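Below is one structure, written out as structure tokens, with a few remarks after it.
The values are calculated or read from the model by the stated rules, or taken from the named source; none is laboratory data. On a predicted model such as this, the values are computed, not experimentally measured, just so you know. Ideal geometry is used to build each Cβ from the backbone, glycine not excepted, and the neighbour counts take in all protein chains shown.
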Amino acid sequence: MDSTYDLFVLNGTVVTTADIAKYDIAVKNGKIALLAPRGSLGNVTAEKVIDAQGGFVMPGGVDAHVHLAEPALFGGKGESSDDYESGSKSAIAGGTTTIVTFAPQEKTQHSLLEVVRETHARAANRAYCDYSFHLLISNPTTQSLAEFAALRQQEGISSLKIYMTYEALQLRDNQIMDVLLEARKQGITTMIHTENGDLLTWMTDQLEAHGHFAPKYHATSRPQLLESEATNRAIVLSAAKTIRDVQTRGLPVYAETCPQYLFLTRGDLAHPGFEGAKCVCSPPPREKADHEAIWTGLTNGTFTILSSDHCAFRYNDNEKGKTSVLSEEYPVGRFRYIPNGCPGIETRLPLVLGEGRLSPQKFVEVTATNPARLYGLYPRKGALIPGLSDADMTIWYP
């Protein structure tokens, strides 16, 4: 046994999806080197020692849904307020040590390899935590589809995202099929934002025609029916119960949720004045009664991962933030152009753990291990396996 390590984490309760027990941890060269029963390390030494007495020692969080340095998706002129420097600092502050952001293709771009290189350039030498990319596809041309193999083999892209809404990103059904078939061929996981974009636009037009512009009408314009219809079209599913039924038959269907759907309601969109704009995101917050079903879904495995969907916009920013839609003509703004998104990269883990609704092991499963498995990062991330896992750890004190 090597007599000197870089770090000891002693006296904590180590929590993984496989075990919860009192272990001491030794770290060397940035890797988990040893898990030993508490007090059994003997005469070996370390350059630094952390006493985790009374704490849960868990794998660092993996947030698989983060938007950094991106333009607003909803037709306005907004731009997200966090870049890779500020966003990654917030992630670390909240116990997340790995983030998966997006490499977004614009409708005018053809080469996906170039999109990935451009996103690397925005992130390089700025991030304080590890990061990976989902490829966001809005223009699946013949050239784009032909690059899937190179993206997988040369750039390590194992996941992509497509949208059924937002004019700048929305794909037609035939384009969705092209992407799904090529992704399956190359072993790439496909994420789909499922809302019926055409009917959402129609609903919005109808609301505006009747003089309804305030933030609270954002939820009215995006009823659950249209979310379910799009989900049904995309994966022949329409509700959490159906997702669970299909999962029990062994089909590879995975569902994600976020803290805003556990803590916010559509009532938050109706705060006085323009304050409701702070909570505008898509899909919108629903009713308080829906929270319980989501907590249950996290507990029973219906929801595979809990991400933040962090997409922060400054509120009082008339150029790029939420208030950019205010004008003399529209003193309460136009909800259709409010930059969509809420912050969450720093608050995701403490909010959910603080509620005490998930066991420590389930918490690790949905916030670290499952996202790492789903997006090709496991066991380097999302685990504490000697010789295999990076020494990305968080200590939580219940």
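Brief remarks on what is shown
- Search result, residues across region 353-389 that are in contact with a Ser or Thr (Cβ under 9 Å, 6 or more places away or on another chain), crowded, with 22+ Cβ neighbours inside 10 Å and over 27 Å from Ala183 (Cβ atoms): Val364, Leu384
- Criterion (more than 20 Å from Val364 (Cα to Cα), at pLDDT 95 or above and among the aliphatic types (A, V, I, L, M)) met by exactly one of Val280, Val325, Val332: Val280
- Within region 188-216, considering residues that are under 30 Å from Ala150 (Cβ atoms) and in contact with a helix residue (DSSP H, G or I) (Cβ under 7 Å, 6 or more places away or on another chain), the one modelled with the lowest pLDDT: Thr194
- Whichever residue in region 3-31 is modelled with pLDDT under 95 and out of contact with any strand residue (DSSP E or B) (no Cβ under 7 Å at 6 or more places or on another chain) and, among such residues, is farthest from Arg380 (Cα to Cα): Asp19
- Matching residues, region 32-58, being buried (at least 16 other Cβ atoms within 10 Å of the Cβ) and modelled with pLDDT of 95 or more: Ile32, Ala33, Leu34, Leu35, Ala36, Ala46, Ile50, Ala52, Gly55, Phe56, Val57, Met58
- Near pairs, Cβ below 9 angstrom, 6+ apart or cross-chain, from region 260-278 (in a helix (DSSP H, G or I)) to any residue that is loosely packed, with under 15 Cβ neighbours inside 10 Å and among the hydroxyl-bearing types (Ser, Thr, Tyr): Glu275/Tyr315; Ala277/Tyr315; Lys278/Tyr315
- Residue list for region 334-352, restricted to those being assigned to a loop (DSSP other than H, G, I, E, B) and either within 26 Å of His65 (Cβ to Cβ) or of a type in the set (Asp, Glu) (or both): Ile338, Pro339, Asn340, Gly341, Pro343, Gly344, Ile345, Glu346, Thr347
- Which numbered condition Val352 fails, given (1) within 20 Å of the chain's Cα centre (by Cα); (2) closer than 30 Å to Glu319 by Cβ; (3) of a type in the set (Val, Ile, Thr): (2)
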